[in-house]
Amino acid sequence: MKIVEPTSTQIVLPSGELMGASGRYSKRVSELAGCYADHGAFQALVALRGDEIAYVVDQFAPKTTEGDLIFGTSTLEPGDVAGEFFMTRGHLHKKADRSEIYQCIAGRGVMLMETLEGRVAAIELVPGHIVYVPPYWIHRSVNVGPEKLVTLFCYPADAGQDYEIIAAAGGMASLIVSDGRGGWRQAPNLRYVGRADRTKPGSVE
């Protein structure tokens, strides 16, 4: 058995960078095609800001085997597409019985969650708040404020991510959009088609 050495790290604000991260990936605005309801507005945004970074994920992953943990930071830029706030792609864990926690470090956001059957939960994120994402819940972060949304996440190292489950259903059942008064509200996603045959535990590979 290989012994992993204890370590510590630090989150740098306002960038959200995780010092000593073992991995980093980013998504540009142009790489989020299909995420937003208004395709025309998204294409117009891509023409102006397609090369800009929409969000960055830093992570510390000592191992990827059962029994360990992966943690890191997600930094999501502010913005909207025709009133629909900037979001991460979102995912369900490939091992769908794995849970996750998110703590808001900076900014203001919403953790949008959905069961495989389409039941929706939306929990606001403000600094200091922690959201528990139970097993079998699809989830994505949404930035509803004017500043970067920085969250700290932690999940089992063997969980994995299934990103395609959202795209295959036409998105999530609800959208997080501006309420026109500086806040946010949920709106139905008219593209949503549901997730037939993926509703039983263990059906996600």
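Taken together, the values in this text are just the output of simple stated rules run on the coordinates, not laboratory data. Remember, it's a predicted structure, so these values are computed and weren't measured experimentally. A quick note on method: Cβ atoms are made from the backbone with ideal geometry, for glycine too, and the neighbour counts reach across all protein chains shown.
Quick rundown of the values:
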{"quantity": "Neighbour-count ranking [beta-carbon atoms within 10 angstrom, fewest first] of Tyr163, Tyr192", "calculated": "Tyr163, Tyr192"}
{"quantity": "Stretch in the chain that is longest and holds no trypsin sites (Lys or Arg not before Pro) that DSSP places in a loop and that have at most 15 other beta carbons within 10 Å", "calculated": "120-180"}
{"quantity": "Part-to-part distance (alpha-carbon centres) for region 1-70 and region 128-192, which is given in Å", "calculated": "14 Å"}
{"quantity": "Net +/- balance of residues flanking Gln59 in space, Cβ distance below 13 Å, scoring K and R +1, D and E -1", "calculated": "-2"}
{"quantity": "Ascending count of other beta-carbon atoms within 10 Å, so fewest first, for Tyr25, Tyr102", "calculated": "Tyr25, Tyr102"}
{"quantity": "Theoretical ellipticity at 222 nm over the chain - DSSP helices of four or more residues, -39500 (n - 2.57) apiece, nearest 500", "calculated": "-2000 deg cm²/dmol"}
{"quantity": "Size of charge dipole - the chain - debye, nearest 20, with Cβ of Lys, Arg +1 and Asp, Glu -1, no other charges", "calculated": "180 debye"}
{"quantity": "The chain: most fluctuating residue of Thr73, Thr115, Thr151 per GNM, C-alpha cutoff 10 Å", "calculated": "Thr115"}
{"quantity": "Hz values of 3J(HN,Hα) by residue in region 86-98 - Karplus curve (6.51, -1.76, 1.60), Gly and Pro given as x", "calculated": "4, 9, 7, 4, x, 6, 10, 5, 4, 8, 5, 8, 8"}
{"quantity": "Cβ-Cβ FRET estimate between Ile130 and Ala41, R0 fixed at 25 Å, reported to 0.05", "calculated": "0.15"}
{"quantity": "Virtual paramagnetic centre 7 Å along Cα→Cβ of Thr7, amide N under 17 Å, in region 13-30", "calculated": "17-25"}
